[in-house]
Structures are given as C-alpha cells and as structure tokens.
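Below is one structure, written out as structure tokens; the observations come after it.
The values are calculated or read from the model by the stated rules, or taken from the named source; none is laboratory data. Every value quoted in this text rests on a predicted model; they were computed, and no experiment measured them. We place every Cβ from the backbone using ideal geometry, glycine too, and count neighbours over all the protein chains shown. When the accessible area is computed, the model is the full protein with side chains, heavy atoms only, and any ligands, DNA or RNA have been set aside. Shrake-Rupley method; radii C 1.70, N 1.55, O 1.52, S 1.80 Å.
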Amino acid sequence: MDLVLYNTLTRKKEEFKPLKKGKVGMYSCGPTVYWYQHIGNLRAYLFSDILKRVLIYNGFKVNQIINVTDVGHLTSDADEGEDKMEIAALKEGKNAKDIANYYFKIFKEDFKKLNILEPSTWAWATEHIDEQIELIKKLEKKGFTYKTEDGIYFDSSKFKNYGKLALLNIDGLESGKRIAVGEKKNKTDFALWKFSSGKEKRQQEWSSPWGVGFPGWHIECSAMSIKYLGEHFDIHTGGEDHVPIHHTNELAQSEGATGKKFVNYWLHGAFLVDSDGKKVSKSTGGLYTISELEEKGYSAYHYRYLCLQTSYRKQLQFSLEALDASKNAYEKIKNKIIRLRKENNHGNTDVEHHKKQFLEAINNDLNMPQALEVFWEVMEETDMNTRTRLALLEDFDRVLGIGVKDMKEEKVVIPKDVTLLLVARQEARKKKMFAEADILRQRIKERGFVIEDLGEDGPYLRKID
Ligand code: AMP
Ligand code: ZN
C-alpha cells in the first residue's frame with residue numbers, strides 16, 4: 001500500500017518514493033538549547049517520531065539527523081536581536097557550553113519519557129563550524145553573498161524562486177516586519193556569518209575568512225544535512241513556523257550552493273496552541289514542560305496520547321481538561337491490556353482485515369486518530385484469539401509508541417515501616433484499642449497507603465495513586 005505524505009513544497013499529498021530503494025534520509029530541525037523545551041516544542045518531535053515510525057513500519061531503513069542549535073539562533077528567527085545562547089549564559093552566569101549540555105540532557109530525558117526514537121545522529125552546530133564556513137565559501141564563489149557592516153549576507157534576489165516553499169509574496173512583505181532592511185539589499189536577505197561586534201567579548205566565536213564571528217542560524221541546517229545525508233535527500237521536517245523563514249532560507253542557500261534540488265518532501269507539524277488559540281513559543285512561555293505535567297499527576301504517555309488524537313497538520317489547542325480526557329483513555333487502554341494478558345479466549349475474527357485498516361490509516365498522511373480507532377476496535381474485539389489480539393496491538397504500537405509491551409501490573413513494594421505500622425494496628429484492634437488503631441491507620445495513609453479490610457483475607461495495603 002502506498003505511503004502518501006503532504007508535501008509543503010507542492011501543497012499536495014504525494015506518494016512517497018525514496019531516492020534509494022528501501023532507505024530514507026530524514027533531517028528534523030531540532031532544539032535551541034538555551035532553555036527547557038515545552039510541550040509545544042515536543043509536539044514537533046512527536047510528529048517526526050510518528051513519521052519515522054510509519055516509515056519503519058513500511059519497511060524502510062531510516063537515517064534521521066536532528067540538529068542541536070547551540071549558537072547563532074537570534075531572538076528573532078530573522079537576523080535581529082541577540083544570540084539566545086549568549087543571553088542565557090549571561091543571565092545564568094554560566095558557560096554557554098554548560099547551558100547547552102544542561103538543557104540538552106533534560107530534552108533527551110523528555111524524549112525517552114515520551115518514547116520518541118532517538119535519531120541516528122545528534123548534530124551540534126558548534127561542532128560543525130568548518131562545514132558551515134565551507135558552504136558559505138561556496139556561496140561566495142557563486143556570487144550569492146555580499147558584505148555589510150555586521151556580516152556576510154545571502155542575496156535572496158540572486159536565487160530564482162526564493163519564496164517557493166512558503167509561497168511568499170515578496171513584494172507584499174512589509175519591510176521591518178520580517179527583517180529591517182538596514183544595510184541589506186533586499187528585505188528577505190539573511191545573515192550567513194555575523195561579525196563579533198567588538199563591543200563585548202562573545203563566549204562563542206570563531207575566526208573565518210571574513211573575520212571573527214559566528215554562523216547565522218539557517219546555515220547550520222544546510223551544512224549538517226548535506227554532510228550526513230548528501231546534497232539531495234528525502235525528507236525535511238520542522239514546525240510550521242519554519243516555513244516562511246528558516247526553511248525558505250535553508251532551501252535557497254543549499255540549492256544555491258549545490259545547484260541541485262535539496263529535499264524531495266518538506267513536512268511541517270502544526271503548533272500546539274494555548275487555550276486562547278495563541279501560538280506559544282519558548283520566549284513567550286505559557287506552555288508546560290513534561291516535568292510540570294508530571295507534578296500535576298500526568299505522565300508523558302498521557303501527553304503523547306493527546307497528540308496522537310489530532311492530525312499533525314492541525315493546530316492542537318492545549319488544556320488540562322483535554323489532557324484529563326487523554327489520561328482517562330490511556331489508563332483504560334492500560335487496564336484492558338493488563339486484563340487481556342490474563343485471559344485466554346479463542347475466536348474467529350480475521351486479523352488481516354484490521355491490519356489493512358491500520359496500514360491504510362497511517363499511510364494516509366499519518367492519520368493517527370483513525371489508526372487509534374482501529375487499535376480500540378481490536379482491543380474491544382471479543383471474537384478474536386487473545387494472544388493474536390495482543391500481538392496485533394503490540395504490532396500497532398510500533399507506530400503509536402504508547403508503550404503496550406510495558407503495560408503490566410505494577411508490583412507495589414511496601415516499605416518495612418509501613419508493614420510494622422500495619423502489624424501494630426492489628427494488635428491494637430485485637431485489644432479493642434480503636435483510637436490507637438485509627439491513629440495508626442492515619443500514619444499509614446501519610447506514608448501513601450490505604451488499608452482495605454478484606455474480612456477473612458485480612459487487611460490489604462493499597463498504594464494511593
Ligand atoms: P526551538 O527550540 O525554539 O528552535 O524550537 C524547536 C522546535 O519546536 C521547532 O521545530 C519549532 O518549530 C517547534 N515549536 C516551537 N513552538 C511550538 C509549538 N507551540 N507547537 C509546536 N511546535 C513548536
Ligand atoms: Zn533547521
């Protein structure tokens with residue numbers, strides 16, 4: 001069955017055909033590691049994870065690269081403001097490298113909790129300065145660059161069809177809204193290399209043929225994707241905010257430098273928005289982190305499940321009420337799977353029919369809401385051999401990634417002091433010292449357990465959720 005994906009470049013759903021049989025090269029724009037990634041950022045990686053899992057399910061071998069931006073991303077996605085890493089270093093009084101490592105570590109922990117598959121390579125911008133300089137040199141040789149007081153710029157008027165990815169109406173762009181023209185020749189020109197200002201010493205700067213400075217944000221993705229995937233590769237992903245600036249610039253500078261088509265399929269994930277429908281970025285705050293959700297009693301899987309319920313191309317309005325509903329549904333699945341493991345029913349329903357339905361859903365531009373429907377149908381299908389049913393659900397979970405294999409009854413370990421309190425409470429009850437017994441019950445509760453009196457079977461300790 002054909003896999004069909006929506007390509008931003010053509011604004012159409014297209015059949016996916018890899019450049020090399022059975023293999024996919026995929027580049028996903030990654031985090032800027034100056035602060036925590038909120039659940040909005042993480043939705044972008046859940047989307048690329050689903051895409052990758054669908055490709056793997058279809059039998060492809062996927063080589064995925066995710067970049068880690070630890071220099072050059074300015075406070076505006078265009079070329080204004082200051083380097084986010086440098087600001088964070090100054091604010092936290094730390095070394096930029098330590099800040100990058102700290103937030104990257106947390107980001108990776110969130111990845112694990114969300115059951116997102118790790119890329120083949122994490123590509124760090126500061127570890128690829130030479131590659132970025134080489135690419136700028138290529139562009140310079142081909143006449144795409146010019147120098148201003150603060151850096152080396154890409155002349156977007158020299159690249160035919162500059163706005164093709166975003167369908168930009170360049171003449172209609174208000175200057176100043178996107179990029180202040182200043183010394184630039186065109187409002188859509190962007191920095192490839194920025195000079196250190198000389199006013200204050202930057203923590204991160206390098207020498208280059210044009211002077212000491214640092215790379216612009218966009219060039220890292222072109223240089224690193226070309227290094228790891230070649231000048232022409234299959235899939236490029238990112239958030240929808242990347243279409244008009246970041247990916248438009250990446251495309252122009254890559255194709256400008258190589259003279260070849262850069263990427264066959266551009267895919268973009270829609271934003272997670274707050275309850276007022278406003279887009280939320282790290283700099284404006286407003287969205288939770290995974291740890292903050294955990295503190296409120298939700299797990300990363302509850303959030304993953306929430307994201308699966310909406311197509312990646314639709315904005316998703318976040319609210320705790322919506323997350324509550326996902327938590328309930330997820331816990332229902334978990335309980336059902338645990339029960340299924342204890343059953344041994346027989347039945348006649350055909351598996352192939354459900355398998356086909358599932359594949360149809362995921363191969364139709366990653367239709368996860370429909371794939372979840374098939375998952376529920378199989379889970380509730382009583383006329384099917386239980387072992388087969390479980391195996392099928394586990395197979396679907398290769399794409400959904402909701403952790404079916406790990407859904408097992410949790411073995412609760414009761415601490416020794418709680419057991420001793422329970423023994424003391426039984427003694428008190430035997431002696432009809434009910435006030436003492438109640439106090440002991442309360443102390444057990446404070447330790448996180450309730451006593452269920454089960455008559456003849458004696459008391460039983462249940463962990464409070
Ligand atoms: P950043 O760390 O700011 O470079 O962003 C990392 C990724 O998160 C990028 O792919 C963005 O497009 C994406 N992103 C940022 N905010 C949101 C949001 N509210 N919803 C979905 N994706 C987002
Ligand atoms: Zn990028």
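If you filter region 394-413 down to residues that are exposed (fewer than 13 other Cβ atoms within 10 Å of the Cβ) and among the hydrophobic types (A, V, I, L, M, F, W, C), you find that the one that is modelled with the lowest pLDDT is 412. Comparison of 190, 233, 214, 195 shows that the only residue that is of a type in the set (Phe, Trp, Tyr) and more than 31 Å from the chain's Cα centre (by Cα) is 195.
Within region 399-417, which residues are in a helix (DSSP H, G or I) and free of Cβ contacts under 8 Å to residues at least 12 places away in the same chain? Give the steps one after another, and end with the answer.
At the first step, the residues of region 399-417 found to be in a helix (DSSP H, G or I) are 399-400, 404-406, 416-417.
Within region 399-417, 405, 406, 416 meet the criteria.
Residues are listed down the side, and each one gets a yes or a no for (1) polar (S, T, N, Q); (2) at pLDDT 95 or above; (3) touching a helix residue (DSSP H, G or I) at 6+ places or on another chain (Cβ under 7 Å); (4) within 16 Å of ligand 2 (Cβ to nearest atom):
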residue: 251; (1), (2), (3), (4): no, yes, no, yes
residue: 267; (1), (2), (3), (4): no, yes, yes, yes
residue: 275; (1), (2), (3), (4): yes, no, no, no
residue: 349; (1), (2), (3), (4): yes, no, no, no
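Do we have residue 384 as modelled with pLDDT under 90 and surrounded by 15 or more Cβ atoms within 10 Å (Cβ to Cβ) here? Considered against the rule, which asks whether it is modelled with pLDDT under 90 and surrounded by 15 or more Cβ atoms within 10 Å (Cβ to Cβ), residue 384 comes out as yes.
Please note which helices (runs of 4 or more DSSP H) are completely contained in region 297-398 and include at least 1 residues that are farther than 29 Å from residue 271 by Cβ and under 27 Å from the mean Cα position of the chain (by Cα). Explain how you work it out, then say what you get.
Values: elements: 300-308, 320-342, 351-363, 368-380.
Helices (runs of 4 or more DSSP H) meeting the threshold: 320-342, 351-363.
Taking the criterion of being within 26 Å of residue 188 (Cβ to Cβ), in the same structural domain as residue 38 (by TED's automatic domain parsing), over 15 Å from the mean Cα position of the chain (by Cα) and in a helix (DSSP H, G or I), would at least one residue in region 87-104 satisfy it? Yes; the residues of region 87-104 include at least one that is within 26 Å of residue 188 (Cβ to Cβ), in the same structural domain as residue 38 (by TED's automatic domain parsing), over 15 Å from the mean Cα position of the chain (by Cα) and in a helix (DSSP H, G or I).
Taking the numbered list (1) within 13 Å of ligand 2 (Cβ to nearest atom); (2) more than 15 Å from residue 164 (Cβ to Cβ) in turn, residue 258 passes all entries but (1). The strands (runs of 3 or more DSSP E) located wholly in region 1-67 that include 2 or more residues which are open to solvent by less than 10 Å² (accessible area, probe 1.4 Å) occupy 4-7, 23-28.
Could you list, in sequence order, the residues of region 218-274 that are surrounded by fewer than 22 Cβ atoms within 10 Å (Cβ to Cβ), among the small types (Gly, Ala, Ser) and away from ligand 1 (no atom under 11 Å from the Cβ)? 230, 259, listed by residue number.
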